[in-house]
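Notes follow the structure.
The numbers here are math on the coordinates, done by the rules we state, and not lab data. What you are looking at is a predicted structure, and each value in this text was computed from that prediction instead of being measured. Counting neighbours? That spans all protein chains shown, and the Cβs are built from the backbone with ideal geometry, glycine included.
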Amino acid sequence: MSTVLDKLFANGTRLTALLVLLIVAWIFTVLFQESMLSIQSFGFEFLTNEKWAPNLEKFGGYAAIMGSIMSTFLAMVLSVPVAIGVAIFLSEIAPQRLKSPVGISIELLAAIPSVIYGMWGLFYFVPIVRDIVGGVGISMLAAGIVLAIMILPFTAAVTRDAMNTTPDILKESAYALGGTKWDVIRDIVIPYAKAGIIGSLILALGRAVGETMAVTFVMGNVHKFSLDITQPSTSIPVTLANEFTEADGDLYFSSLFELALILMVMSFIVIAVSKFYFLRRTRRAS
Amino acid sequence: MTAVEKRKLISKIVLGLSSLSAALGLFFLFWILYVLVSNGLEALNWNVFVFEGAPPGYEESGLKQALVGQLILVGTASLIGVPLGVLAGTYLSEYGQKSKLAETIRDISDIMMSAPSIVIGAFVYAIIVAPMGHFSGWAGVAALAIMMIPIILRTTDDMLHLVPSTLREAAFALGAPKYKVIVQVVYRGAKAGVLTGILLGIARIAGETAPLLFTSFNDNFMNTDLNEPMASLTVTMYNYATSPYEDWQRLGWAAAFILSMFILGINILGRLILLKKKGK
């Protein structure tokens with residue numbers, strides 16, 4: 001009796017674990033199948049063609065793809081220096097009684113749903129952008145900044161965790177040699193935690209690429225990529241969120257699915273690089 | 001200026017800049033928190049809980065349908081996602097351990113944990129909504145459950161791994177079969193950690209909007225049938241906030257406030273459980 005149960009339990013758990021692999025494979029297969037029509041119709045031109053005209057049944061993903069890259073780039077450029085500053089503050093500067101309340105509130109802020117960051121962006125931040133740079137305010141710039149703020153708690157928390165892995169004894173040795181705080185951070189903490197910091201930041205980048213709600217409110221969904229970031233623009237998640245429920249026609253749907261597939265591949269690569277290249281060393285160690 | 005003074009000066013400047021950037025980051029985050037709390041409290045009243053959605057301009061409009069829908073969606077998704085995640089995590093920690101298969105599943109699951117949630121929504125649209133021909137609560141449940149499994153799997157794996165192997169060996173020595181060792185010894189030892197993981201997983205999916213946009217869609221009226229489109233706090237929030245009507249926007253803030261408090265509450269509860277466990 002108990003051997004039967006034993007086998008049942010072992011195989012049951014194995015099946016559920018395999019389910020994870022199955023779901024991922026299934027996601028890729030379905031996305032690929034659904035985008036077949038668009039891939040056949042537009043080929044590689046889909047990636048370089050900016051024209052997105054549902055009424056003419058002409059679809060090009062250039063604006064959305066470049067918009068995703070641009071908004072993620074802006075968010076990272078704005079958020080990484082601040083996140084590193086917060087991490088240095090939390091791990092090396094802050095007095096003990098500040099460390100844990102500030103640290104915990106940052107972690108809790110990471111749990112706030114991204115849709116709320118988007119709402120704040122639309123009602124409070126877009127008007128400020130409008131006053132400063134003119135135009136409608138709804139723009140790539142606003143989206144980049146809101147996205148930067150949204151991923152800040154995450155980037156700060158993971159950078160701090162990476163820095164905290166530096167053994168105290170190494171830091172103390174450096175202080176004993178007469179190092180200033182900055183000497184210790186630059187020559188001990190950052191070299192020691194480098195792989196962890198870079199890996200965590202790339203992980204944050206992966207999140208920013210796929211983030212939908214924080215940017216949907218403030219991007220504008222205009223299929224026109226421009227280096228002038230004060231203009232409204234779009235990105236893959238923004239296009240999907242705005243158009244999926246309104247799409248009609250097989251080709252329209254198929255093009256949206258192709259964008260989803262491209263997004264999935266982009267984030268898959270980014271996350272895989274972070275996990276396998278940079279974070280491999282530290283896994284299971286904690 | 002001597003070399004030492006120079007180094008000290010540079011150090012001071014850098015530390016000053018770090019503190020400043022920390023202050024800047026915290027300023028924005030607390031600004032958002034302040035906006036959320038002040039708008040939320042202002043919009044919150046009894047009507048929000050007892051009335052369903054109404055056209056703009058009506059006094060008697062509320063979020064009842066979204067609150068109920070949210071509970072049904074997240075609850076049902078948890079009923080599916082939690083057991084699957086815990087069992088899969090059990091396999092990795094207790095059976096697969098460091099085997100190639102287990103490591104692969106860990107990696108793929110980690111990647112899936114960070115997959116764009118809107119893509120999960122598109123996937124569920126293709127496999128459930130399109131064949132059925134209409135949006136449904138079940139589709140939303142499926143999307144949320146898919147997002148939940150990797151989170152629960154990861155924490156279960158980690159937490160079971162922390163249970164000392166001497167405990168397992170002691171149980172084996174008493175002649176217990178493996179499943180009994182796992183259920184009665186390992187699970188018991190890791191209870192607090194796994195529970196925290198489950199709570200954090202629930203908190204995580206409760207705040208998701210993107211996977212629900214084109215699966216469970218939305219409904220302005222009360223509906224408890226998972227075969228029909230179903231309201232959720234997040235999608236309602238999105239629709240109301242982007243509407244031009246001020247009273248709808250106010251309801252959107254009320255929804256944002258309720259949801260945030262719920263999620264923060266679960267997060268804090270999870271932390272307390274872990275703290276209590278450590279304190280013992």
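Here are some notes:
- C-alpha center-to-center spacing [region B:83-159, region B:161-210] in angstrom: 18 Å
- Positive minus negative residues near A:ASN55 (Lys, Arg vs Asp, Glu; Cβ under 14 Å): -2
- The alpha-carbon positions of chain A define a convex hull whose volume is 196 Å³ per residue.
- Helical mean residue ellipticity (222 nm; -39500 (n - 2.57) per DSSP H run of 4+; nearest 500) of chain B: -23500 deg cm²/dmol
- Signed unit charges on C-beta, dipole axis of region A:47-282, positive-most listed residue A:LEU141, A:MET219, A:SER233: A:LEU141
- Comparing B:LEU199, B:LEU160, B:ALA145 along the charge dipole axis of the protein assembly as shown, the residue lying farthest to the positive side is B:LEU160, per the Cβ-charge model.
- Residue-averaged [θ]222 nm for chain A, counting only DSSP H segments that reach four residues, each worth -39500 (n - 2.57): -22500 deg cm²/dmol
- Ranked by the mean number of other Cβ atoms within 10 Å per residue, highest first, peptides B:190-198, B:111-119 order as B:111-119, B:190-198.
- In this Cβ point-charge picture (+1 for Lys and Arg, -1 for Asp and Glu), the protein assembly as shown has a dipole of about 2880 debye about its Cα centre.
- C-alpha center-to-center spacing [region A:158-219, region A:47-98] in angstrom: 18 Å
- When each of A:LYS275/B:LYS180; A:LYS171/B:LYS8; A:LYS171/A:LYS194; B:LYS178/B:LYS276; A:LYS99/B:LYS278 is checked by Cα-Cα distance, pairs over 24 Å: A:LYS275/B:LYS180; B:LYS178/B:LYS276
- Relative contact order (percent, whole number), chain A, Cα cutoff 8 Å, 6+ residue spacing: 27 percent
- Per-residue mean of C-beta atoms belonging to partner chains within 10 Å, peptide B:231-243: 3
- Taking the Cα atoms of region A:98-169, the ratio Rg/Rh between the radius of gyration and the Kirkwood radius comes to 1.14.
- Dipole of region A:47-282 [Lys/Arg +1, Asp/Glu -1 at C-beta], most positive-end residue of A:PHE73, A:LEU98, A:ALA110: A:LEU98
- Shielding of peptide A:241-248 by partners, expressed as the average count of other chain Cβ atoms within 10 Å per residue Cβ, is 3.
- Inter-chain neighbour count for A:259-269: the average number of beta-carbon atoms from partner chains within 10 Å of each residue's beta-carbon is 4.
- Computed about its Cα centre, the charge dipole of chain B is approximately 1840 debye, with only Lys, Arg, Asp and Glu carrying charge at their Cβ.
- Peptide ranges A:86-94, B:218-226 listed from the most packed, as the mean C-beta count within 10 angstrom indicates: A:86-94, B:218-226
- Using the Cβ-Cβ distance between B:SER99 and A:LEU8 with R0 set to 35 Å, the FRET efficiency from 1/(1 + (r/R0)^6) comes to roughly 0.95.
- The charge dipole of region A:47-282, taken about its Cα centre with unit charges on the Cβ atoms of Lys, Arg (+1), Asp and Glu (-1) only, comes to about 700 debye.
- Surrounding net charge for B:SER18, when Lys and Arg each add one and Asp and Glu each subtract one, Cβ distance under 13 Å: +3
- Tensor-based shape of chain B (alpha-carbon gyration tensor, a/c under 1.5 rounded, otherwise prolate or oblate): oblate
- The simple Förster model, with R0 at 30 Å and r as the Cβ-Cβ distance, assigns B:MET132 and A:LEU15 a FRET efficiency of 0.70.
- Region B:26-183: Cα Rg divided by the 2.2 N^0.38 Å rule of thumb: 1.46
- Convex hull (Cα only) mean projected area of region B:34-89, reported in nm² to one decimal: 5.9 nm²
- Counting only Cα atoms, the size of region B:136-210 along its three principal axes is 51, 20, 13 Å, in decreasing order.
- FRET efficiency for A:LEU170 and B:MET261, using Cβ-Cβ distance with R0 set to 60 Å, rounded to 0.05: 0.90
- For the protein assembly as shown, alpha-carbon Rg and Dmax in angstrom: 24.5, 84
- Proximal charge balance of A:LEU5 [Cβ under 11 Å; K/R count +1, D/E count -1]: +2
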